[in-house]
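Let me begin by presenting the structure, written as structure tokens, before commenting on it.
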Amino acid sequence: MILMDGKSLRNKILEEIKIKIAKDRIKTSLAIILVGDNEASKIYIRNKVKACEEVGIIPVTYLLPEETTEEELCVLIEKLNNDGTITGIILQSPVPKHINFDKCSSLIKSYKDVDGFVMANTYNLYLNDEKLVPCTVKAVIKLLEEYNIALEGANVVIVGRGNIVGKPLSLALLNRNATVTIAHSKSKNLKDITKTADILISAVGKPKLITNEMVKDNAVVIDVGISRVDGKVVGDIDFESVSKKCSYITPVPGGVGPMTVAMIMENVLIANEMREK
């Protein structure tokens, strides 16, 4: 079994981005908006700011109070859209219940949408014209490529059909000629589906959902799920049992998570190129 080390690959990619920014004297900035006082979101933002500072991207954070109105948030996004010094924009989720996240995030100009969620970027992914691809999707693809895992013709099962990972990841894999099955909470006989996978990817957020008997021998297993159990961060995969059976596996933490932040930095550079064009 080979452990797919997301931390090392993250560091390698950030170093490459840092060198490119310094060499080409690229001036970029990333605006990050948080509405409310969500502690997990604050940790995510700190990680993004730290990565920006590592590579030479200027982070601009907007920490807005819980009572911020939807109208006020939309005004800020439009202001950042029209600010030539801002390369990329992230609206951190979740937002307070009185704000419609989809409505507000859809206002971000497609070439500043470094999260890759705006409709135009989703449509580009659908058309196999990948530009700003969702960062977790890119993280999974990069890890598979780094370890020379062939996607063409591979049977890939994704457990989870969410808009952030499952659905867009299925498109990215189809673009690379994989044969893709999406399983979800309504799927019957989940074990029979997952056992067919050459590459099994779980993105549910349910601890130890995937057990040893659900994985075929020598499968590649990618764990995108994150949960907290007794103060520890764990994934969807029962790592202890599954790692004895598979050929490659990502740890949690230390697998897909660190790579997601690196892909945001990469998307900022892509956004900069799109803006220049």
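Largest first and in whole Å, the equivalent-ellipsoid semi-axes of the stretch 81-231 read 30, 19, 13, each the square root of five times a Cα gyration tensor eigenvalue. A simple rule links phi to the HN-Hα coupling: the Karplus curve 6.51 cos²θ - 1.76 cosθ + 1.60 with θ = phi - 60°, which for the stretch 208-215 gives 6, 4, 9, 10, 3, 6, 9, 10 Hz, with x for Gly and Pro. Binning the C-alpha pair distances of the stretch 34-166 at 5 Å intervals from 0 yields a P(r) profile of 2, 9, 15, 20, 21, 15, 9, 5, 3, 1, 0 %, listed from the shortest bin outward.
Shape class of the stretch 30-76 from the alpha-carbon gyration tensor: oblate, with a/c at 1.5 or above and b/c at least as large as a/b. Computed from Cα atoms alone, the Kirkwood hydrodynamic radius reported for the stretch 230-274 is 12.8 Å. For the stretch 46-142, the solvent-accessible area works out to 50 Å² per residue, with a probe of 1.4 Å and every protein chain left in place. For Lys112, the lysines whose Cα falls under 19 Å of its own Cα, not counting residues fewer than eight places away in the same chain, are Lys27, Lys48, Lys79, Lys103, Lys131, Lys138, Lys277. Looking at the stretch 1-88, the pairs of alpha carbons with a distance over 14 Å make up 71% of the total.
In units of the compact-protein estimate 2.2 N^0.38 Å, the chain shows a Cα radius of gyration of 1.01. Shape analysis of the stretch 102-163 places it in the prolate category; the axes a ≥ b ≥ c from the Cα gyration tensor give an a/c of at least 1.5, with a/b above b/c.
Over the stretch 169-277, accessible surface divided per residue gives 46 Å², non-protein components excluded, 1.4 Å probe. Beta-bridge orientation, the chain: approximately 10 percent antiparallel, per DSSP, counting only bridges with both partners inside. Would you mind classifying the stretch 165-206 by shape? Square roots of the alpha carbon gyration tensor eigenvalues, ordered a ≥ b ≥ c; an a/c under 1.5 is rounded, otherwise it is prolate if a/b is larger than b/c and oblate if not. In terms of gyration-tensor shape, oblate.
Positive end of the charge dipole of the chain (Lys, Arg +1 and Asp, Glu -1 on Cβ, about the Cα centre): tell me which of Val49, Ile201, Pro94 has its Cα farthest that way. Result: Ile201, furthest along the dipole toward the positive end. What share of Cα pairs, in percent, lie more than 17 angstrom apart in the stretch 179-241? In whole percent, the share of Cα-Cα pairs in the stretch 179-241 beyond 17 Å is 36. Candidate membrane-span-like segments in the chain, meaning DSSP H helices with Cα atoms spread over at least 18 Å of their own axis and a Kyte-Doolittle mean of 0.0 or above, are 256-276, with no membrane implied. When only Cα pairs below 8 angstrom with a gap of at least 6 residues are kept, the chain shows a relative contact order of 22 percent.
The values are calculated or read from the model by the stated rules, or taken from the named source; none is laboratory data. In this text the structure is predicted, and so the values were computed from the model without any measurement. Glycine gets a Cβ as well: all are built from the backbone with ideal geometry, and neighbour counts include every protein chain shown. These area figures cover heavy atoms from the full protein model, side chains too; ligands, DNA and RNA do not enter into them. Shrake-Rupley method; radii C 1.70, N 1.55, O 1.52, S 1.80 Å.
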